[in-house]
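The structure appears right after this line, and notes come after that.
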Amino acid sequence: MTTPFDPSDPYLRDALHARLRFYRELGIGEFYQRAVDPAIWAEPEPPQLQSAAPKPAVAPSLFPTQPDNTAPEETAIPPRKPASAALSHIPAQAEPVPPEQHFAALKLIREEIGDCTRCKLSQGRNKIVFGDGDPNARLMFVGEGPGADEDAQGLPFVGRGGQLLNNMIAAMGLKREQVYIANIVKCRPPQNRTPEPDEANTCSPFLFRQIDVIRPKIIVALGQTAVTYLTGEKRPLSGWRGTVHPFRGNAKLIVTYHPAFLLRDPNQKRHAWADLQIAMRELGLELPGKNRAEGIGNRE
């Protein structure tokens, strides 16, 4: 048999008041069938009673209790952990370069890189892979890093993944020569592993300088590593895809899968094609018919 609530009992009244205040701070409103007396919500906490008897718990066991000296605003859910400093240092955007000087400006960046030994990736590389394409491109693709074929030729995306990227570009109604392609790092990581933060952050400032010279309207980040170091934010790829993101001045960022991933899981090609269509709409390109779109899946 349940004992009825006795308003004259100071311990029960104190416990009820604390429980309701706890629920209110969690954002839980009235959930009883009958209304709760507003006086219970508004009533100030009663003074502490001098008693050696312990008070009953005032919070459900599902939630941790807060210390008595914790202010209400400190009980709020903390914000998501920000990206680490290793991922959040994005250089400021440089002043624009006249279009007729883009080629020369990119050449100067390449000369500054020189025979780079700024990070340990230089120890195992064959050739630096700077970038390739139109210095005045409206569309730029950014990948992770060179593979074996790229390391041998000194050009980005020339292996099997590069052939698939070429097909993706062709399905958009463009030629490879009309876009610009680069990577987060310009030297091949051993065994094609993911670049480490110190490697990516040592090399990526040169990529940002390339972006600032070319000033593409759309940048397509190919995979998790690319979008992480372009934005300084580390979150799942699903949180990026399907949306146009403002990026670095007037540019826009679109995220899709890396071609190497699509080679491992061809079923995802249709999702990558949906991402590319977003880029096409932003560029004002005509959406192709079914036959051209099927080229992504039928050609490697």
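Points worth noting:
- Taking amide hydrogens as placed 1.01 Å from N in the peptide plane, the amide H of G159 sits under 5 Å from those of E150, each at least 5 positions away in sequence or on another chain.
- Note, ³J(HN,Hα) from phi for the range 102-111, Karplus 6.51, -1.76, 1.60, rounded to Hz, x at Gly and Pro: 4, 4, 5, 5, 5, 4, 5, 4, 4, 5
- Around the amide H of F141, modelled in the peptide plane, lie the amide H atoms of Y180, I181, A182, V220, all under 5 Å away and 5 or more residues distant in sequence or on another chain.
- Residue-normalised accessible area of the range 111-229, given per residue in Å² at a 1.4 Å probe: 37
- Solvent-accessible surface (1.4 angstrom probe) belonging to V255, in square angstrom, nearest 10: 0
- Each residue of the range 271-278 was assigned a 3J(HN,Hα) from its phi angle through the Karplus expression (A = 6.51, B = -1.76, C = 1.60, θ = phi - 60°), giving 6, 5, 5, 4, 5, 5, 5, 4 Hz with x at Gly and Pro.
- Environment charge at V97 (Cβ cut-off 11 Å; Lys +1, Arg +1, Asp -1, Glu -1): -1
- Seen from a random direction on average, the alpha-carbon convex hull of the range 177-300 projects onto 8.4 square nanometres.
- Neighbour net charge for K217 - beta-carbon separation under 15 angstrom, K R +1, D E -1: +2
- DSSP-defined beta bridges in the range 215-262 - what % are antiparallel, rounded to 5: 40
- For the range 185-197, backbone phi angles converted through the Karplus equation (6.51, -1.76, 1.60; θ = phi - 60°) give residue-by-residue couplings of 10, 9, 10, 6, x, x, 6, 6, 5, 5, x, 7, x Hz, Gly and Pro being listed as x.
- DSSP bridge orientation in the range 143-300 - percent antiparallel, rounded to nearest 5: 35
The values are calculated or read from the model by the stated rules, or taken from the named source; none is laboratory data. What you are looking at is a predicted structure, and each value in this text was computed from that prediction instead of being measured. Positions of Cβ are generated from backbone atoms using ideal geometry, with glycine treated the same way; all protein chains shown enter the neighbour counts. Calculation scope for accessible area: heavy atoms of the full protein, side chains included, ligands and nucleic acids excluded. Shrake-Rupley method; radii C 1.70, N 1.55, O 1.52, S 1.80 Å.
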